[in-house]
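The values are calculated or read from the model by the stated rules, or taken from the named source; none is laboratory data. A quick note: this is a predicted structure, and the numbers were derived from the prediction, not measured. Here the Cβ is made from the backbone with ideal geometry for all residues, glycine too, and neighbour counts use every protein chain on show.
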Amino acid sequence: MAEGFDIDHLAKLARLSLTAEEKALYSSQLNQILGHFEALAQADLPALSDDARVVDEAALRSDEPGPVLGSAAVTRLAPASRDGQISVPRVVDDES
Amino acid sequence: MSTPPSDWEVVIGLEVHVQLHTRAKVFASSPWGFGQEPNEQVDPVVLGLPGTLPVVNREAVEKSILFGLVVGASVPEHCSWDRKNYFYPDNPKNYQLTQKDFPVVVGGQVEIELPGASRNVMGEHKFIRIHHAHLEEDVGKLSHAGSGSLVDYNRAGVPLLEIVTEPDLRSSAEAEAFLRSLVAMITQAGVADCDMEKGQLRCDCNVSIRRRGTEKLGTRTETKNLNSISSVRDTVIYETARQIRELEAGRSITQETRGWNAELVRGYVLRDKEDAHDYRYFPDPDIPTLKISRETVTRLSALVPENLYDRQRRYIANLGLPYTAASVLVNDRALAEWFELAVAAHPANPSGIANLVANDLLRDLAASATAPVSLESCLIKPAQLAGLVKLTDEGVISKQQAKEVFTEMFTSGRDAAAIVDAKGLRQNSDTGELEKIVQEVIADPAVAKSIAEYRAGNEKAINALKGPIMKRTQGKANPVLIDQLLRKFLG
């Protein structure tokens, strides 16, 4: 099966730096996954109506505020934090 | 300078992001609000932690539909959400939930009014088309500190309606007028507060130029994240001038994303995030397509307030208001409704009421000693103001005295008639008594010269007789009546 993706492009989008071995491994694994989906697409299934994935407004939540985690719990999830905020390497979008 | 040289035409399209007026976030129950400690308004759904599922907030959907109805858009039978995938620390899930193919609002238009030649003159009106509006989640806030950046996710998941215009705007003045009109319509309908100080309205501004008379659009730039109307205006002026300069120097315009430095009043190229536009959208598998019932649309239609320019036209055509007063009243729905209650109590003189509301009432509300007073907590009520105008119209007090009574009413909340009586301001309209006084004054040799002048044709000479009459009545004589009586006896 021809690869339906460009592993280098995907790695770049995912901010991953991959070795040649990893690229080969992940390409093969991704192909397997896509192969499964292709198999699913081939299956002879009864047609689902368009309404199958449609809900009405009863499925909406009411505008009631609920509990929060608190900043201590939020920052514990991250590798680094400071003053209740999550600390990350500097991301630049200001004038430079 | 707000207009480009005449052979270039600027074409502007805006993407306006408005935080909707809700208590909880759009896909999670976490509360949100301005000015909280960082990361205190975050729950597992906001962070997209394993095992959590987003559920759409009904209020956010209804506020979006209400916006659509306000701008005369069509509300589709269905809308759905998509994942916009990108890696950036403002985004805890690595995707933003948004609506790509089936937004909640399609079409619509916003009427705008351009500035007139002066404050008293109404400017040109235009309609700006809305392409669509989609309901998405806001992202977290980054601040830069030294070698690192800090992330606060309080804003992540706040309901955000992105309103996308057609490229219908043709000047910085039109962009400014559009935003003012849009904000008035949104706030008057209670869809959102649009408090720009709190970042509740942010704008992306697409600008291109072309030779006037040509059809083909030029290459556009997008300046992102403008957080005030003045920044949008300045960006348009700056980008227009820059693009004209580039093209006239024989260079070309690069399609690029730009930032805006409001302090330095200049734009800059944003460092290109490589492949930033490859967002790999796909339908969100966790949120089913939503069917919007026509009953809901009908119910929300009843909440759409009168369009501000329809109201302005009605005030001018039906109530006979001058444009200046009408334009002040219609910008604030609460003020306009207050005015209408007063008119209902005294329908004979809408202009007199409008004058007091647009000038005296607004001035005193803004200038109260402690802090600006809101219309709701204001002591003076619409029917009381109507009572004051009625007393003036009936000649019981003069217009000058009405101002004085108004000030007293504003601070005490008492009825005009009670203040007029307590201060003894009631004008004397007793014809019999006044006739006697007028005749006595006319008989006084001191005014003989003025009488002679008046009889010789000098109209103004009659005024010299009014002073002594006012003096003898302690200023309480009805000036209209005095004038009539003097002319009768001297005629």
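Can you tell me which residue within region B:350-390, out of those that are among the β-branched types (Val, Ile, Thr) and in a helix (DSSP H, G or I), is surrounded by the most Cβ atoms within 10 Å (Cβ to Cβ)?
Checking each candidate, the answer is B:Ile353.
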Right, B:Glu376: farther than 25 Å from B:Leu425 by Cα and among the acidic types (Asp, Glu) or not? yes
Quick one: would you say B:Phe34 is part of a loop (DSSP other than H, G, I, E, B) and at pLDDT below 95? yes
Among the numbered conditions (1) within 20 Å of A:Val54 (Cβ to Cβ); (2) away from every other protein chain (no Cβ under 14 Å), tell me where B:Ser80 comes up short. (2)
Filter result (part of a loop (DSSP other than H, G, I, E, B) and touching a helix residue (DSSP H, G or I) at 6+ places or on another chain (Cβ under 6 Å)) within region B:64-103: B:Val75, B:Pro92
Among A:Glu64, A:Glu21, A:Glu57, the single one that is modelled with pLDDT of 95 or more and within 8 Å of chain B (Cβ to nearest Cβ) is A:Glu64
Can you name the condition, by its number, that B:Val10 falls short on among (1) over 30 Å from B:Arg333 (Cα atoms); (2) assigned to a loop (DSSP other than H, G, I, E, B); (3) away from chain A (no Cβ under 14 Å); (4) in contact with a helix residue (DSSP H, G or I) (Cβ under 7 Å, 6 or more places away or on another chain)? (2)
Strands (runs of 3 or more DSSP E) wholly inside region B:155-239 that include at least 2 residues being among the polar types (S, T, N, Q): B:201-211, B:221-226
For region B:446-468, does any single residue satisfy the condition of being closer than 22 Å to B:Val396 by Cβ, in contact with a strand residue (DSSP E or B) (Cβ under 9 Å, 6 or more places away or on another chain) and either among the β-branched types (Val, Ile, Thr) or in a strand (DSSP E or B) (or both)? no
Yes or no: B:Val61 in a strand (DSSP E or B), surrounded by 21 or more Cβ atoms within 10 Å (Cβ to Cβ), hydrophobic (A, V, I, L, M, F, W, C) and in contact (Cβ under 8 Å) with a residue 24 or more places away in the chain? no
Scope region B:471-491; condition part of a loop (DSSP other than H, G, I, E, B) and of a type in the set (S, T, N, Q); matching residues: B:Thr473, B:Gln474, B:Asn478
Any idea how many residues of region B:196-223 are in contact (Cβ under 8 Å) with a residue 24 or more places away in the chain and closer than 20 Å to B:Glu176 by Cβ? 16
